[in-house]
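Written below as structure tokens is the structure these notes are about.
The values are calculated or read from the model by the stated rules, or taken from the named source; none is laboratory data. All values derive from a computational prediction rather than experimental measurement. We place every Cβ from the backbone using ideal geometry, glycine too, and count neighbours over all the protein chains shown. Each accessible area value is taken on the protein alone, full model and side chains, heavy atoms only, with ligands, DNA and RNA left out. Shrake-Rupley method; radii C 1.70, N 1.55, O 1.52, S 1.80 Å.
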Amino acid sequence: MTGAVDNTVNTLDVTMAVVVGGLFTIGFHLMLQRSLMRIVLGFILLGHGTNMLLLVAGGTPGRPPVLEGQPVNPAEPADPLPQAMALTSIVITFGLTAFLMALAYRSWRLSGSDEVRDDVEDRRIDIALQRAGADEVTGPPERTAGARLRDGSEPGGEGDDSEPDHRDDDGTAPGDHR
């Protein structure tokens, strides 16, 4: 029968698809954590998943990826593009991993931990935007006695020119070396 195309799914193709999906899933999950080392490990797993995806996209080794219903000629070379893209991806992943490791190390040296903290200024901007939205609808918000932010400081009002204390629970400020 000429022109028939074999559309059967190979067990190796399914296995590789599951492995690539698992690497991407675990990598994205780790990148959503607060620990810088977990973020770096998630990035490494995403790089490995990308390399596997590029190599799987190349098709069966030794065959061209697009057969177009033609009989397979063993003398035809495989498409070199997926291998070249995987090598490029390896180099890029290595460079970015080294950069992220340097940033994580520097952050650990400055703060004493590898956890990414909330930015106090972002919280203040969010509170100001919420107040501005509430002012448009209901007028100025009533200040409740004892209202405090998560870091223990009082929300800034009009005339609040005090600088926030950025010290950690152990009393060290960013930039203090131990």
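Averaged over residues, the count of other Cβ atoms within 10 Å places the peptides 123-133, 99-109, 23-33 in the sequence 23-33, 99-109, 123-133, highest first.
Take the Cβ-Cβ distance between ASP13 and THR88 as r, set R0 to 22 Å, and report the resulting FRET efficiency rounded to the nearest 0.05. Efficiency computed from Cβ-Cβ geometry: 0.40.
Take GLU115: with every protein chain present and a 1.4 Å probe, its accessible area is about 100 Å². The simple Förster model, with R0 at 25 Å and r as the Cβ-Cβ distance, assigns LEU96 and ALA57 a FRET efficiency of 0.70. With θ taken as phi - 60° and the Karplus curve 6.51 cos²θ - 1.76 cosθ + 1.60 applied, the whole-hertz 3J(HN,Hα) list for the range 17-33 is 5, 5, 5, 4, x, x, 5, 5, 4, 5, x, 5, 4, 5, 6, 8, 7 Hz, x standing for glycine and proline. Extension gain for ALA132 to ARG109 (0.36 nm times residue separation, less C-alpha to C-alpha distance): 4.4 nm.
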